[in-house]
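As structure tokens, the structure follows; a few thoughts come after it.
The values are calculated or read from the model by the stated rules, or taken from the named source; none is laboratory data. Keep in mind that this is a model prediction, so the values were computed, not measured. Cβ sites come from the backbone with ideal geometry, for glycine too, and all protein chains shown count toward neighbours. Protein only, heavy atoms only, side chains kept; ligands, DNA and RNA dropped before computing areas. Shrake-Rupley method; radii C 1.70, N 1.55, O 1.52, S 1.80 Å.
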Amino acid sequence: MWKVSLLQEAALKAGEFLVDLGTPGNKITSKKKKRKKGNQRNQDSLSEVSPGEWRVTSDLPGRLRLKHPKLYQSELYCGQIEKRLMNMVEITKYNVSTATGGVLICYDQKLISQKELLTFLEQVVCETPADQAIPQDTKLAISSASFTFALGSALWAPWLLPVSMPIVFYTALPIFKNALNALFVEKKVKVDILDATIVGASLGMGFPAAASFMVWILDIAGGVLHLTTRQSQRLLYQALGKQAHYAYLVKDGQEIKTPVDKLNKGDIVVVNTGDHIPIDGVVTDGEAMVDQQSLTGEAAPAEKRLGEKVFAATVVVAGKVFVQVEASGDETNAAKIVKIINESATYKSKVHNMGEKFADRMVIPTFALAAAGSVIGGPQASLAIINSDFGTGIRVAAPMAVLASLACAVKHGVLIKNGRVLEALPEVHSVLFDKTGTLTHEVPEIAKIIEANGHFKEEEILRFAAAAEQRFSHPIAKAILARAEQLGLQLPPRDDSKFHVGFGIQVGINGDQIKVGSIRYMQKEGISIPDHVSTELTRIHQLGRSAIMVAVNDKLAGALELAASQRPEAKEVMDMLRKRGAKELVLISGDHQAAVREMANSLGMDRYFAEVLPQDKAKYVELLQKEGKKVAMVGDGINDSVALSKADVSISLRGASDIATDIADVVFMDGSLQKFEHLYNVSEMLKKNVNRSFKMILFPNAFCIAGAMFGVIGLAGSMVLNNGFNMIATINGMSPLFNVLEENKERSEKTQVISVASESVPAPVSVPMPQAAVA
């Protein structure tokens, strides 16, 4: 053991010596990159950061291999670098090794230079606190060698037992430290004391092989947990896609390449086709189609124009936009979601906590049973009983199950911010749905077209309205344009429009003046409304719907009746919730009584609350809770945030781009109610998984204790059974993760097939700008 430590120290010193020799000869230089996308770009304005102790061992175009002495045998430094490289859009491939203290990076030279990459890596090292911990794989390697040596000494070379004793004791030091911390710092009787007792007693009685086996098994469990945690968190982080670490700041007519963390609120950055948007902000100029799938779950690219918001971690697939910075770095929605994922991954399930508490409470009874076993069966029986603790397995299996469940959920577009939800969900009695945007789409639909005088038919009225609204992206415009597209209408050209805020729009089409807007707009313009149209408008109002009027040359042509567009999956989801145990389905809305009642009846809901002001929605959550019910609130938008915070379980359909994300326990990233099924599946899977693991640990250990009391099972048998079933329980906890990894593998294989097939297809000469999205 001391030889190992000396070798590690010698290697570290040798690394430092090589760094001292190698650094002067390995200065990295980078040529200025010129991207001809508008104004001249100044890319050499980055602050100079010393390469520090980084040593370049291999330098090829787009591929860099480096070493740093602090990375050697340090999981903390290597983990931080891996976490930062993982979602960098500039990085195509990487590998970080604690064994060599090296990093292999493949990168896109068009996006980042070697100098910038080295600067970034040095910043990560400088920001990471000093690490004194021994890596898990090193601990496992040492304990494996210790167990092999102790076992070999016991079987073939008994004269080496005195040598193996101090080696085993050294490898067991972390166990003794945990026990002492429980006794003297936390002042609690915890299961760690049992671990220390069994190891210490085995050493004291001259059984170093048994003690080293215990240490080895605990290190294996810790190693598996460590690897699973890293894999699960990697899957969670990668669900959000990659993020850009540099932006092009527009300043004094130039576009200056700038680290994202150096940007200030109000700065203007430019983003071109193919670039990742590096910040959250508002478009000030230009148009673009933006792929937001990694953040919001939207399958189709979204059109972004003047005044519309864009978000970090999304990609401009066509066009060019200038964006005013609202949030950058850790303040972006994408960064906040990564933080949420990190926090949710540390959640301990109720069953997990119950298992640990049960194991801790069993420490004193176990010692009492061990004392009785010592009288009945001798010291071996006593050690066998102490070894049969209930805590070691559940401490590993339960958090694995939680992490694997979170990874499984986020892979299917369900972001679980609070793991408590997975246990509270089956106990929910009432599910309260907000109407607008939750059970309905944001974009309404054209329910009816009303002719005013017979001079203009339905299609002509719709064509005029669509032509007037074709340059707008608000929900009503999208509804009108969607219906026109469904009917295959050709829209006539239009001249410049006059927009009357709060009323409507006026445009010229083929020499005619078209006015499209509200009833108030028509009244303001002095346009008369026929009696039969007024009757229809009264009916529309009573149903809680709205109408858009269309006039041609100051004479009413007709009206478009707009109705809320109910989500097609809504009825199916209601039926599923009842099967899952929801006793009451409730609808709440600020809409008119008639509209809310109509939707509640159509979906078979039990109760509804209409004409509720946004600030009063929380009162209705509390009303249901006072009736003794656990309430799940499903909301959409800012006005639901207070009600969401009051609910026992809160769910947002706004994806990652709304304030509700900060309040809700669960976010359906694609905004679909169908994710409810998967949420319930994950909840049920976690409960079954942890309970199954607990039983796998409880019954074998109880059998071991009983067997030891009657002399049937000795220390060796106890260790084999106890640790064997602990490993089985651990593998069981990992089972959801295996499914996720298998899905990733299949998806990767499909992607490779598509990629190979696409190589044989000639590239198009040009790619036209996609047409504006209409829905």
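In order along region 114-128, phi translates into HN-Hα couplings of 4, 4, 5, 5, 5, 4, 4, 4, 5, 5, 4, 5, 5, 7, 8 Hz, rounded to whole numbers, per the Karplus curve 6.51 cos²θ - 1.76 cosθ + 1.60 with θ = phi - 60° and x for Gly and Pro. The accessible surface of region 441-566, taken with every protein chain in place and a 1.4 Å probe, is 48 percent carbon and sulfur. The stretch between residue 177 and residue 159, if pulled fully straight at 0.36 nm per residue, gains 3.5 nm over its current Cα-Cα span. The portion of the accessible surface of region 55-127 made up by carbon and sulfur, rounded to a whole percent, is 49 (1.4 Å probe; DNA, RNA and ligands excluded).
A 1.4 Å probe, protein heavy atoms only, puts the accessible area of residue 164 near 0 Å². Distance from the C-alpha centroid of region 105-169 to that of region 580-649: 54 Å, rounded to the whole angstrom. Within region 77-172, the trypsin sites (Lys or Arg not before Pro) that combine a DSSP coil assignment with at most 13 other C-beta atoms in a 10 angstrom radius are 110.
Of the trypsin sites (Lys or Arg not before Pro) found in region 514-621, those in coil by DSSP whose Cβ has at most 15 other Cβ atoms within 10 Å are 583. Restriction of the chymotrypsin sites (Phe, Trp or Tyr not before Pro) in region 698-738 to DSSP coil positions whose beta-carbon has at most 16 other beta-carbons within 10 angstrom yields 710. Per-residue extension of 0.36 nm, minus the Cα-Cα distance of residue 510 and residue 716, leaves a gain of 64.7 nm for this segment. Measuring against 25 Å, Cα to Cα, the residue pairs 336/675; 139/177; 83/695 contain 83/695 as the ones spanning a longer distance. Once R0 is set to 35 Å, what does the formula 1/(1 + (r/R0)^6) return for the Cβ-Cβ distance between residue 106 and residue 287, expressed as a FRET efficiency to the nearest 0.05? After rounding, the FRET efficiency stands at 0.55.
Relative contact order for region 55-127: 32 percent, from Cα pairs under 8 Å spaced at least 6 residues apart, divided by residue count. Solvent-accessible area per residue in region 246-328 equals 39 Å², computed with a 1.4 angstrom probe and all protein chains kept.
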